[in-house]
Amino acid sequence: MNNYEAVLIFKADMQDADRTELLERFKGIISENGEVSDVDDWGKRRLAYEINDLKEGYYYIVNFKSEPDHIREFERRLRLSDFIIRYMVIRKED
């Protein structure tokens, strides 16, 4: 298993309960073939540039371990979500 870090930017106008539920769903996707080690909640921040007329986003940093094959499926599901503005998954050096 490799170590990964995912930056997830949610729409800022989501309710807290909905955002938490969606984050738990993505953590569950990771847990299918890996394990979540840490979730860092950065809160609502101003975006560096507007994305689809949105000026703010809600940031989470998720550190996890997973098999490389599972990352493609995780990113596919992130792409399908209407509430994720942007995401980035990187492999961390050991």
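The values are calculated or read from the model by the stated rules, or taken from the named source; none is laboratory data. Predicted, not measured: the structure shown is a model, and the values here were computed from it. Quick reminder, even Gly has a Cβ in these numbers, built from the backbone with ideal geometry, and neighbours come from all protein chains shown. What goes into the accessible areas is simple: the full protein's heavy atoms, side chains included, and nothing from ligands, DNA or RNA. Shrake-Rupley method; radii C 1.70, N 1.55, O 1.52, S 1.80 Å.
For residue 38, indicate whether it is among the acidic types (Asp, Glu) and open to solvent by 100 Å² or more (accessible area, probe 1.4 Å).
no
Considering every residue within the range 17-25, establish whether at least one is open to solvent by 20 Å² or more (accessible area, probe 1.4 Å), more than 14 Å from the chain's Cα centre (by Cα) and among the aliphatic types (A, V, I, L, M).
The answer is yes; a qualifying residue exists.
Just one of 73, 56, 50 is touching a residue at least 40 places away in the same chain (Cβ under 8 Å), surrounded by fewer than 14 Cβ atoms within 10 Å (Cβ to Cβ) and out of contact with any Pro (no Cβ under 8 Å at 6 or more places or on another chain); which is it?
73
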